[in-house]
């Protein structure tokens, strides 16, 4: 029977699609991680990856084992939780970088302090990319914006908090001159990547408020957009992240939108059944009991 370490090694390899990267995560040499994978395949009698000289691709046999192996690991790690009545073990969460700067980052830290035996591994990325990773069991859950599309039936999304979409513009021009709010239309619009879930909210905000914009740059990072606006290179529409001191930032100004306020809803995306539901349930309860619905 393969050991828990060997099973964890397999899950890490499926997530990273690389033996070397998985080995770095779990504290093994690449040779040791490769040997453990070979031992697992030998124990169960099938190859789990299609191998070439340059790639390692999970095959159908390997894909069918991901969820059962994750269940075994979760049950093993929950043994101490059952004894101590506290959460422990490891959960792999996808998260938007902007959520770490918002309400999620603070709450995650509070959760970790409350459950010191709980290990939380974070992977940064985009909401749309995390959906595939959750479905394929490469990650346990993800903190993402609400999908503009209907989700598959085997996953669920629970709203945790929301952030109003706001219009931001520089406090001063790139040449050091003060920017009047009536003159922002002369600046280029710095847009969040339009084919992302947050990008859809930007489009909705522009449409609902009947804004006329002059297209400039397009980025997939809220943080980078805010910094470019600070430098006077344009204006933008972004979610009002909770952990930014908007009122005291002299390089930024906020203008109220003329019409309806659109909210970016942030929530937890997970499969309807998985081995880390005790942890995701605790995350949801912690958010919902400590955060207001409107930020």
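Before moving on, here are some points about what is shown:
- Selection of region 227-250 for residues being surrounded by fewer than 14 Cβ atoms within 10 Å (Cβ to Cβ) and touching a helix residue (DSSP H, G or I) at 6+ places or on another chain (Cβ under 6 Å) yields only 243.
- In region 1-37, the residues that are more than 18 Å from residue 64 (Cβ to Cβ) and not in a helix (DSSP H, G or I): 1, 3, 18, 27, 28, 29
- Residue, nearest to residue 243 (Cα to Cα), within region 143-163, restricted to residues that are in contact with a helix residue (DSSP H, G or I) (Cβ under 8 Å, 6 or more places away or on another chain) and not in a strand (DSSP E or B): 146
- Residue among 136, 71, 159 that is touching a strand residue (DSSP E or B) at 6+ places or on another chain (Cβ under 8 Å) and touching a residue at least 24 places away in the same chain (Cβ under 8 Å): 159
- On inspection, residue 238 passes the criterion of being under 14 Å from residue 101 (Cα atoms) and in contact (Cβ under 8 Å) with a residue 40 or more places away in the chain.
- Residue check, residue 93 in contact with a strand residue (DSSP E or B) (Cβ under 9 Å, 6 or more places away or on another chain), under 20 Å from residue 15 (Cβ atoms) and buried (at least 18 other Cβ atoms within 10 Å of the Cβ): yes
- Selection from region 1-23 of residues that are modelled with pLDDT under 85, under 23 Å from the mean Cα position of the chain (by Cα) and surrounded by 15 or more Cβ atoms within 10 Å (Cβ to Cβ): 15, 16
- Count of region 266-283 residues which are buried (at least 17 other Cβ atoms within 10 Å of the Cβ) and either in contact with a strand residue (DSSP E or B) (Cβ under 7 Å, 6 or more places away or on another chain) or modelled with pLDDT of 90 or more (or both): 10
- Among the residues of region 25-56, the ones that are exposed (fewer than 15 other Cβ atoms within 10 Å of the Cβ), modelled with pLDDT under 85 and within 28 Å of the chain's Cα centre (by Cα) come to 2 in all.
- Failed item, numbered, when residue 285 is tested on (1) in a helix (DSSP H, G or I); (2) farther than 22 Å from residue 97 by Cβ; (3) assigned by TED's automatic domain parsing to the domain that holds residue 171: (3)
- Subset of region 5-24 (residues that are in contact (Cβ under 8 Å) with a residue 40 or more places away in the chain and farther than 14 Å from residue 57 by Cα): 7, 8
- Condition check for residue 215: at pLDDT 90 or above, more than 28 Å from residue 283 (Cα to Cα) and touching a helix residue (DSSP H, G or I) at 6+ places or on another chain (Cβ under 8 Å): no
Per-residue answers, yes or no, for (1) surrounded by fewer than 21 Cβ atoms within 10 Å (Cβ to Cβ); (2) more than 27 Å from residue 22 (Cα to Cα); (3) modelled with pLDDT of 95 or more:
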| site | (1), (2), (3) |
| --- | --- |
| 118 | yes, no, no |
| 133 | yes, no, no |
| 153 | yes, yes, no |
| 163 | no, yes, no |
| 202 | no, yes, yes |
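The values are calculated or read from the model by the stated rules, or taken from the named source; none is laboratory data. This structure is a prediction, so every number in the text was calculated from the model and none was measured. Note that we place each Cβ from the backbone using ideal geometry, even for glycine, and neighbour counts take in every protein chain shown.
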